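Asker: Mind looking over this structure? Questions follow.
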Amino acid sequence: MASQGSGRLAGRRIVITGAARGMGLATAEIFAAEGASLALCDRDEQAVRANAERLGQFGGGCDVSDESDVQRFCNEAESALGGVDGLINAAGILIMKPLMETSLAEWQRVLDVNLTGTMLMCQKLAPAMRRAGGGTMVNISSIGGLRPAPTTTAYAVSKAGVIMLSNSLAAELGPDIRVNTVCPGTIPTDMVTDLLATSRDRLTETPALKRLGKAEDVVKAMLFLTSDESSYITGDTLTVDGGWAYR
Ligand SMILES: NC(=O)c1ccc[n+]([C@@H]2O[C@H](COP(=O)([O-])OP(=O)(O)OC[C@H]3O[C@@H](n4cnc5c(N)ncnc54)[C@H](O)[C@@H]3O)[C@@H](O)[C@H]2O)c1
């Protein structure tokens, strides 16, 4: 895999989920430029393979909610990279519905992808990280996991679960493996196209910094939490929302 000799992630071997587009793809681009070797996965196999090829990295299809698929991809990633010492869990889905209009199948799908998918990736990669002598995991939650909102209950519950999953794993997997969470505010990606179509002004104007976030704002936080610059930080939640959560 392509690995540049310098950069804040030089020599690191990192798995990124949800890397077909959005924040997962932005992470892949910036981490590759910082010298990491990457294994990219997504349920959109064609897109993630194209991204991996463009960046000179390993890539493949994987549904993070499917245990056997996750195990297969983690095995492939470890062998393609010669070991794994980093994980970014960016795969996720959003269903914008009040709970009273949410079917059981929708509830389960959101929890399966956002919470169980994150858990499976951490569970299946922790042994590889131990074999590599340690590592870092960064899981993407959301400000939706910090504050209740009337139209995203299933999503909010899944993302609150990601925070506790990360904090529990930080305690369980230390001292070899650090586990942290980022909580982005609204970042213009395909996931929030519909939300921005109706609420762009409200979402842009309220935060202290008075602008929407960019994917790279979140990636910079994950870069810090993945690099040795954060070597004494684990079980922490970093909010990257321009001040939205505390407005
Ligand atoms: N965009 C925002 O405003 C925002 C805010 C807070 C948190 N988040 C979170 O950030 C993460 C990235 O979101 P994004 O905005 O880049 O969204 P996105 O929709 O652009 O990208 C999500 C990616 O995850 C992939 N994916 C979905 N289900 C999957 C599965 N079962 N297995 C493997 N891959 C799967 C999709 O194919 C897609 O490539 C998500 O966890 C999301 O919940 C997003």
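Asker: Between residues in the stretch 233-247 that are under 13 Å from Val182 (Cβ atoms) and residues that are in a loop (DSSP other than H, G, I, E, B), which pairs lie under 6 Å by C-beta distance while being six or more apart or on different chains?
Answerer: Asp241/Gly185; Ala245/Leu146
Asker: Continuing with this model, one more query. For the stretch 68-88, state whether one or more residues are within 29 Å of Leu196 (Cβ to Cβ) and of a type outside the set (A, V, I, L, M, F, W, C).
Answerer: no
Asker: Next question. Name the pairs whose Cβ atoms lie under 8 Å apart, with the first residue in the stretch 84-100 and over 17 Å from Pro148 (Cα atoms) and away from the ligand (no atom under 16 Å from the Cβ), the second of a type outside the set (Val, Ile, Thr) and in a loop (DSSP other than H, G, I, E, B), and 6 or more positions between them or separate chains?
Answerer: Note: pairs meeting the criteria are Val84/Ala132; Asp85/Arg12; Asp85/Ala132; Asp85/Gly133; Asp85/Gly134; Gly86/Leu9; Gly86/Arg12; Gly86/Ala36.
Asker: Tell me whether the stretch 14-30 contains one or more residues that are away from the ligand (no atom under 13 Å from the Cβ), within 17 Å of the chain's Cα centre (by Cα) and assigned to a loop (DSSP other than H, G, I, E, B). Break it down stepwise before answering.
Answerer: Filtering the stretch 14-30 for residues away from the ligand (no atom under 13 Å from the Cβ) gives 14, 30.
Next cut, within 17 Å of the chain's Cα centre (by Cα) only: 14, 30.
This time we only want the ones that are assigned to a loop (DSSP other than H, G, I, E, B), so: none.
Within the stretch 14-30 (the criterion being away from the ligand (no atom under 13 Å from the Cβ), within 17 Å of the chain's Cα centre (by Cα) and assigned to a loop (DSSP other than H, G, I, E, B)), the answer is no, since none of the residues qualifies.
Asker: Would a scan of the stretch 152-160 turn up a residue that is loosely packed, with under 14 Cβ neighbours inside 10 Å, within 19 Å of the chain's Cα centre (by Cα), on the phi < 0 side of the Ramachandran plot and touching a residue at least 60 places away in the same chain (Cβ under 8 Å)?
Answerer: As a first pass, look at the stretch 152-160 and keep what is loosely packed, with under 14 Cβ neighbours inside 10 Å: none.
Looking for residues that are loosely packed, with under 14 Cβ neighbours inside 10 Å, within 19 Å of the chain's Cα centre (by Cα), on the phi < 0 side of the Ramachandran plot and touching a residue at least 60 places away in the same chain (Cβ under 8 Å), one finds none in the stretch 152-160, hence no.
Asker: Now for a different question. Can Arg49 be described as basic (Lys, Arg), in a helix (DSSP H, G or I), more than 20 Å from Ser166 (Cα to Cα) and in contact with a strand residue (DSSP E or B) (Cβ under 8 Å, 6 or more places away or on another chain)?
Answerer: Criteria met by Arg49.
Asker: Same structure, new question: Out of everything in the stretch 7-42 that is closer than 22 Å to Gly213 by Cα and β-branched (Val, Ile, Thr), what residue ends up being surrounded by the fewest Cβ atoms within 10 Å (Cβ to Cβ)?
Answerer: Here is the first cut: in the stretch 7-42, the residues closer than 22 Å to Gly213 by Cα are 16-34.
Filter once more, so that each one left must be β-branched (Val, Ile, Thr): 16-17, 27, 30.
Numbers: Ile16: 33, Thr17: 29, Thr27: 29, Ile30: 19.
Looking at the filtered set, the residue picked out is Ile30.
Asker: Here's a follow-up. Hey, can you tell me all the residues within the stretch 209-244 that are closer than 20 Å to Gly22 by Cβ and among the small types (Gly, Ala, Ser)? First the steps, then the outcome.
Answerer: So in the stretch 209-244, the residues closer than 20 Å to Gly22 by Cβ come out as 211-226, 238-242, 244.
Those that are closer than 20 Å to Gly22 by Cβ and among the small types (Gly, Ala, Ser): Gly213, Ala215, Ala221, Gly242.
Asker: Those residues that are in a loop (DSSP other than H, G, I, E, B) and surrounded by fewer than 17 Cβ atoms within 10 Å (Cβ to Cβ), I need them from the stretch 84-101; list them, please.
Answerer: Narrowing the stretch 84-101 to residues in a loop (DSSP other than H, G, I, E, B): 84-85, 90-96, 98.
The answer is Met96, Pro98.
Asker: Report yes if some residue within the stretch 102-109 is within 14 Å of the ligand (Cβ to nearest atom) and crowded, with 20+ Cβ neighbours inside 10 Å; otherwise report no. Reasoning before the result, please.
Answerer: Filtering the stretch 102-109 down to residues within 14 Å of the ligand (Cβ to nearest atom) leaves 106, 108-109.
Still in the running and crowded, with 20+ Cβ neighbours inside 10 Å: none.
No, there is no match, as no residue in the stretch 102-109 is within 14 Å of the ligand (Cβ to nearest atom) and crowded, with 20+ Cβ neighbours inside 10 Å.
Each reported figure results from applying straightforward, stated rules to the coordinates on display, with no laboratory input. The model shown is predicted, which means the values in this text are computed figures rather than measured ones. When we count neighbours, we look across all protein chains shown, and the Cβ atoms used for this are built from the backbone with ideal geometry, even at glycine.
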